[in-house]
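Student: Submitted below is the structure of interest, expressed as structure tokens.
The values are calculated or read from the model by the stated rules, or taken from the named source; none is laboratory data. This one's a predicted model, so the numbers in the text were calculated from it and none came from an experiment. No Cβ is skipped: glycine too gets one built from the backbone with ideal geometry, and neighbour counts run over all protein chains shown. Note: accessible area is taken over every heavy atom of the protein model, side chains too, but ligands, DNA and RNA are not part of it. Shrake-Rupley method; radii C 1.70, N 1.55, O 1.52, S 1.80 Å.
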Amino acid sequence: MLPQIIFALVTFVAFWYAYKQYNRIWKNIHLGKEIKVTGDKSQRWKNVVLIALGQKKMFKKWIPGLFHFFIYSAFIITQIELVEIFVDGFLGTHRPFAAIFGGLYTFAISLIEVLSLLAFVATLIFLSRRNLLKIPRFHKPEMKGWPKLDGNIILYLELALVIGIFMMNGADTVLQSRGVEHYTQTGSFAVTSWLGPALFGGLSDGALMFVERTGWWMHFLVVLGFLNYLPISKHLHVFLAFPNVFYGRLTPKGEIDNMDEVTTEVKIMLGLEEPDPNADMSDLPEFGAKDIFDLTELNLLNAYTCTECGRCTEACPANITGKKLSPRKIMMDVRDRMELVGKNITDNKTDCIAAAKKTDGVVLSKENYDDGKSLFDSITKEELFACTTCNACVEACPVSISPLDIIVQLRRYDLLTNSAGPSDWMPMFNAIENAGAVWQLSTDRDAWTKD
Amino acid sequence: MEVKTMAQLAAEGKSPEILFWVGCAGSFDARAIKVTKAFVKILNTAKIDFAILGNEERCTGDPARRAGNEFLFQMSAMMNIETLKNYTFKRIVTTCPHCFNTFKNEYPALGGEFKIMHHSQYLEELIKTGKIRITPDGTIKGKKITYHDSCYIGRGNDIYEAPRSVLLELNTDIIEMKRCKSDGLCCGAGGAQMFKEDEPGDKRINTERAEEALATKADIVAANCPFCITMIEDGIKEKNAQDKVTVLDLAELIAAGLD
Ligand code: SF4
Ligand code: SF4
């Protein structure tokens, strides 16, 4: 009875804690502006199947793409075995599915084993690639400290997971062959049928039972660890890639969204519309994005989904030529800011309430939040204004993230609300406004027809 | 070279099939004007009924929007849309990817729905329908060509094949650069970078792209955008390779090979 009680307790605590964490992420994403989901639903599902499930973009670099696919499919298929672990854990049974499903069970576990073996090799390759090979995208300034450690931790956890599987199946196989009671016959598994005897063949029954239980608990605890580790890691993409790809934009990449909030005003300016005499002019509106509240929920979902793989940065012409701009860093900065703001709101840090909205008993919320900081504290103008809007980052991203969409909104804030921006642009702006062309020239627009 | 304006045609009670949208670069930049003229030559050869807006044309607002100056973009865009509403024509064709992209993707949200084609698509159509025939002349024949995908025709609107199929008419091989098609490298001009100095870095983007183009050992770099042409030409000059390699627009290449 005792193992069952411990198992139930551990499961309960892990799931309760995970619930709190995922709830935090859900809430933080909703700090952004609501999005309207428009366009062809079937296209959205198609994207989920091709890009998220099928990892179409990952295969642009087919070698890492293939290894990533091994790890990913092992991760998904292993969950079949996890179901049985839960049944066994709660009921104190041992591999009841073997009797129920027979040959199918042997096949499923064999598949898990083969994929796990491939994943094991892939993980070792990824670990050495990340730490030994000097691949520039893994060693940019934004990858120092936690992001680097994060990238390694998950790979070590993956190794532990696979080792757990082979320990429990391997020892089980040997115990079965000795006809030890309680160890149900499962048929021979693809990997542990030879790996088990090779590794554990010389152990006593008692030692084998210990190895089997250790592997079993290790597998189970690592999975729970994963569940709770993901929300603080770049590996959240395991789940979020799906909604992120689903909600991703379907319009051509060249299109920049219209700012409907200025259209009426421009129409009035041009005399195409009459001003509304009842319009409230007391609040000067702010345009563009200064902080996470001004970005959309999709932008924020993007930030949580980012895998920090750096494919965007590697393709960015500004970054390639040594400028400070790195689209990956933009996504990481947005995520960090979102985490900080979310935490302050959860902790109800009342010193973050905007002075004008501070009254007795008011709690901190997205409506009154003002900690004197914004995205501009981490994202500099030097980065923002180096972007050529070339969409290479958007094209490169394996999970349909658009750093460009955020860059444009921040630029809008600087130009429209701050009336700042690079001074080099002033002559161009003036020329468009006054001469209707990007250069202020005295010649006629059709002068070329005259010579 | 005589080119009618929409206003002139309207005064005669006529409306053309094609409105040729020339764009700021095509109207004022000495290098881009050569492309404009080459394209007009093609239109005339194909006996296309077309006109331009002339002084009624304004900047589409692309660099203003990408800089973040949305007010200025919408102002310029709406003025263009109002002007165009006064005229009838079947389609707009432009030699500028930026104008193409704003018309195709961004004007509809402001009430401007027009049929727009980039000249790489239109040239493909003229060739396919037999309106123009090409026999590559001495300047092109036997030369190796590499093709630079502009961001707003390539990734921005996923047009990769039309320009290449036009180039194949010239009976030459296209040697692709290391980064091409959806992975193509920007020339460095987009996002209003054309109008400002670069941020500090190791090198200019156009230098990087020119190096890639030179690495193909091609004699001609074909492009489809006036800003790309300026950028890549500058990069090639920086490398002192201007005597060996020429940068030409698709329209110039086709115009040179017209029967
Ligand atoms: S759109 Fe901007 S950030 Fe993205 S790759 Fe191009 S220059 Fe870099
Ligand atoms: S934005 Fe996309 S490409 Fe860039 S680091 Fe994140 S996941 Fe990778």
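Student: If the Cβ limit is 8 Å and pairs must be 6+ apart or interchain, which residue in the range B:79-95 that is assigned to a helix (DSSP H, G or I) pairs with which residue that is of a type in the set (Ser, Thr, Tyr)?
Tutor: From the range B:79-95, the pairs are B:ASN80/B:THR60; B:ASN80/B:TYR107; B:ILE81/B:TYR107.
Student: State whether the residues of the range A:47-59 include one that is outside any helix (DSSP H, G or I) and either touching a strand residue (DSSP E or B) at 6+ places or on another chain (Cβ under 8 Å) or free of Cβ contacts under 8 Å to residues at least 60 places away in the same chain (or both).
Tutor: First, the residues of the range A:47-59 that are outside any helix (DSSP H, G or I): A:54-55.
Among the residues that remain, those that are also either touching a strand residue (DSSP E or B) at 6+ places or on another chain (Cβ under 8 Å) or free of Cβ contacts under 8 Å to residues at least 60 places away in the same chain (or both) are: A:54.
Yes, that holds for at least one residue.
Student: Of the residues in the range A:423-442, how many are within 7 Å of chain B (Cβ to nearest Cβ) and open to solvent by 30 Å² or more (accessible area, probe 1.4 Å)? Give the derivation first.
Tutor: Of all residues in the range A:423-442, those within 7 Å of chain B (Cβ to nearest Cβ) come to A:424-425, A:428-429, A:432-433, A:436-439, A:441.
The next check asks that each one be open to solvent by 30 Å² or more (accessible area, probe 1.4 Å); those that pass are A:424, A:433, A:439, A:441.
Within the range A:423-442, residues that are within 7 Å of chain B (Cβ to nearest Cβ) and open to solvent by 30 Å² or more (accessible area, probe 1.4 Å) number 4.
Student: Could you run through the range A:186-215 and say how many residues are within 16 Å of A:ASP88 (Cβ to Cβ) and open to solvent by 20 Å² or more (accessible area, probe 1.4 Å)? Before you say what the answer is, go through the steps one by one.
Tutor: Kept after step one, since they are within 16 Å of A:ASP88 (Cβ to Cβ), are these residues of the range A:186-215: A:186, A:209, A:212-215.
If we keep only those that are open to solvent by 20 Å² or more (accessible area, probe 1.4 Å) too, we end up with A:209, A:213-214.
Residues flagged as within 16 Å of A:ASP88 (Cβ to Cβ) and open to solvent by 20 Å² or more (accessible area, probe 1.4 Å) within the range A:186-215 amount to 3.
Student: From the residues in the range A:224-255 that are within 20 Å of A:GLN43 (Cα to Cα) and assigned to a loop (DSSP other than H, G, I, E, B), which one is most open to solvent (accessible area, probe 1.4 Å)?
Tutor: A:ARG249
Student: Hey, another quick one. Pick out the one residue from A:ARG445, A:ARG411 that is closer than 30 Å to A:PHE242 by Cα and surrounded by 20 or more Cβ atoms within 10 Å (Cβ to Cβ).
Tutor: Working: A:ARG445 fails: closer than 30 Å to A:PHE242 by Cα.
A:ARG411 is the lone residue from the list that is closer than 30 Å to A:PHE242 by Cα and surrounded by 20 or more Cβ atoms within 10 Å (Cβ to Cβ).
Student: Does A:PRO147 fit the bill of being farther than 25 Å from A:GLN4 by Cβ and open to solvent by less than 20 Å² (accessible area, probe 1.4 Å)? Lay out the reasoning, then the answer.
Tutor: On the way: farther than 25 Å from A:GLN4 by Cβ: yes; open to solvent by less than 20 Å² (accessible area, probe 1.4 Å): yes.
The answer is yes for A:PRO147.
Student: Under the condition of being open to solvent by less than 10 Å² (accessible area, probe 1.4 Å) and more than 7 Å from every other protein chain (Cβ to nearest Cβ), which residue from the range B:173-188 is nearest to A:VAL394 (Cα to Cα)?
Tutor: Step by step, filter the range B:173-188, then rank; the result is B:GLY184.
Student: Further question on the same structure: Do you know which of the residues in the range A:385-395 that are in a helix (DSSP H, G or I) and crowded, with 24+ Cβ neighbours inside 10 Å is farthest from ligand 2 (Cβ to nearest atom)?
Tutor: Step one: list which residues in the range A:385-395 are in a helix (DSSP H, G or I), which gives A:392-395.
With the extra rule that they be crowded, with 24+ Cβ neighbours inside 10 Å, the set shrinks to A:392-393.
Numbers: A:ALA392: 10, A:CYS393: 6 Å.
My answer is A:ALA392.
Student: What number of residues within the range A:374-395 are more than 8 Å from chain B (Cβ to nearest Cβ) and hydrophobic (A, V, I, L, M, F, W, C)?
Tutor: The total comes to 5.
Student: Follow-up. Checking A:ILE406 against (1) assigned to a helix (DSSP H, G or I); (2) open to solvent by 20 Å² or more (accessible area, probe 1.4 Å); (3) within 16 Å of ligand 1 (Cβ to nearest atom), which test does it fail?
Tutor: Going through (1) assigned to a helix (DSSP H, G or I); (2) open to solvent by 20 Å² or more (accessible area, probe 1.4 Å); (3) within 16 Å of ligand 1 (Cβ to nearest atom) one by one, A:ILE406 breaks only (2).
Student: Residue by residue through the range A:281-296, note down the ones that are of a type in the set (A, V, I, L, M) and more than 16 Å from ligand 2 (Cβ to nearest atom).
Tutor: Taking the range A:281-296 and keeping what is of a type in the set (A, V, I, L, M), we get A:281, A:284, A:289, A:292, A:295.
A:MET281, A:LEU284, A:ALA289, A:ILE292 - these are the residues of the range A:281-296 that are of a type in the set (A, V, I, L, M) and more than 16 Å from ligand 2 (Cβ to nearest atom).
Student: Please enumerate the residues belonging to the range A:175-226 that are farther than 22 Å from A:ILE80 by Cα and among the β-branched types (Val, Ile, Thr).
Tutor: The one that is farther than 22 Å from A:ILE80 by Cα and among the β-branched types (Val, Ile, Thr): A:VAL180.
Student: Considering B:ASP219, B:ASP198, B:ASP202, which residue is within 11 Å of another protein chain (Cβ to nearest Cβ), farther than 22 Å from A:VAL408 by Cα and of a type outside the set (Lys, Arg)?
Tutor: Details: B:ASP219 fails: within 11 Å of another protein chain (Cβ to nearest Cβ); B:ASP198 fails: farther than 22 Å from A:VAL408 by Cα.
When all the criteria are applied, what remains is B:ASP202.
Student: Looking at A:LYS358 and the list (1) surrounded by 22 or more Cβ atoms within 10 Å (Cβ to Cβ); (2) more than 30 Å from A:ILE51 (Cα to Cα), which single condition is not satisfied?
Tutor: Failing condition for A:LYS358: (1).
Student: Out of A:ASN319, A:ASN299, which single residue is within 14 Å of another protein chain (Cβ to nearest Cβ), within 16 Å of ligand 2 (Cβ to nearest atom) and open to solvent by less than 30 Å² (accessible area, probe 1.4 Å)?
Tutor: Values: A:ASN299 fails: within 14 Å of another protein chain (Cβ to nearest Cβ).
Testing whether each residue is within 14 Å of another protein chain (Cβ to nearest Cβ), within 16 Å of ligand 2 (Cβ to nearest atom) and open to solvent by less than 30 Å² (accessible area, probe 1.4 Å) leaves just A:ASN319.
Student: Listed residues B:LEU53, B:LEU43; which is more than 9 Å from chain A (Cβ to nearest Cβ) and aliphatic (A, V, I, L, M)? Break it down into steps so the answer makes sense when it comes.
Tutor: Details: B:LEU53 fails: more than 9 Å from chain A (Cβ to nearest Cβ).
Unique residue meeting the criteria: B:LEU43.
Student: Then there's this: Would the range A:270-291 turn up any residue that is under 26 Å from the mean Cα position of the chain (by Cα) and either among the aromatic types (Phe, Trp, Tyr) or in a helix (DSSP H, G or I) (or both)? Before the answer, list the steps.
Tutor: Quick first cut of the range A:270-291, residues under 26 Å from the mean Cα position of the chain (by Cα) only: A:288-291.
Right, trim to either among the aromatic types (Phe, Trp, Tyr) or in a helix (DSSP H, G or I) (or both) and you get none.
Within the range A:270-291, none of the residues are under 26 Å from the mean Cα position of the chain (by Cα) and either among the aromatic types (Phe, Trp, Tyr) or in a helix (DSSP H, G or I) (or both).
Yes or no, residue by residue, for (1) modelled with pLDDT of 95 or more; (2) part of a helix (DSSP H, G or I); (3) among the hydroxyl-bearing types (Ser, Thr, Tyr); (4) within 16 Å of ligand 1 (Cβ to nearest atom):
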position	(1), (2), (3), (4)
A:LEU301	yes, yes, no, no
A:TYR304	yes, yes, yes, no
A:ALA318	yes, yes, no, yes
A:LEU325	yes, no, no, yes
A:ILE345	yes, yes, no, no
A:ALA356	no, yes, no, no
A:ASP360	no, no, no, no
A:SER365	no, no, yes, no
A:LYS373	yes, no, no, no
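Student: Something else about it: May I ask you to verify whether B:MET117 is part of a strand (DSSP E or B) and open to solvent by 10 Å² or more (accessible area, probe 1.4 Å)?
Tutor: On the way: part of a strand (DSSP E or B): yes; open to solvent by 10 Å² or more (accessible area, probe 1.4 Å): yes.
Yes: the conditions hold for B:MET117.
Student: Right, here's the next one. Residues that are open to solvent by 10 Å² or more (accessible area, probe 1.4 Å) and closer than 26 Å to B:ILE132 by Cα: which helices (runs of 4 or more DSSP H) entirely in the range B:21-70 hold 3 or more of them? If you could, list the steps in order and put the result at the bottom.
Tutor: Working: elements: B:23-28, B:30-45, B:62-67.
Counting at least 3 such residues, we get B:30-45.
Student: Output yes when any residue across the range A:338-348 is under 25 Å from the mean Cα position of the chain (by Cα), within 14 Å of ligand 2 (Cβ to nearest atom) and either in contact (Cβ under 8 Å) with a residue 12 or more places away in the chain or within 14 Å of chain B (Cβ to nearest Cβ) (or both), and no when none is. Full working, then the answer.
Tutor: Here is the first cut: in the range A:338-348, the residues under 25 Å from the mean Cα position of the chain (by Cα) are A:338-347.
Applying the additional criterion that residues be within 14 Å of ligand 2 (Cβ to nearest atom) yields none.
Within the range A:338-348, none of the residues are under 25 Å from the mean Cα position of the chain (by Cα), within 14 Å of ligand 2 (Cβ to nearest atom) and either in contact (Cβ under 8 Å) with a residue 12 or more places away in the chain or within 14 Å of chain B (Cβ to nearest Cβ) (or both).
Student: Follow-up question, since we're still on this one. Testing A:PRO398 on (1) assigned to a loop (DSSP other than H, G, I, E, B); (2) at the interface with another protein chain (Cβ under 8 Å from one of its Cβ atoms), one condition comes back false. Which one is that?
Tutor: Looking at each condition in turn, A:PRO398 falls short on (2).
Student: Pairs, please: C-beta under 8 Å, at least 6 apart or cross-chain, first residue farther than 15 Å from B:THR172 by Cα and in the range B:232-257, second of a type in the set (Phe, Trp, Tyr)?
Tutor: B:ALA251/B:PHE39; B:ALA255/B:PHE39
Student: Further question: Only residues in the range A:6-32 that are within 29 Å of A:LEU300 (Cβ to Cβ) count as the first member; pair them with residues that are among the acidic types (Asp, Glu), Cβ under 6 angstrom, at least 6 apart or cross-chain, and list the lot.
Tutor: So the pair list comes out as A:ILE29/A:GLU297; A:GLY32/A:GLU297.
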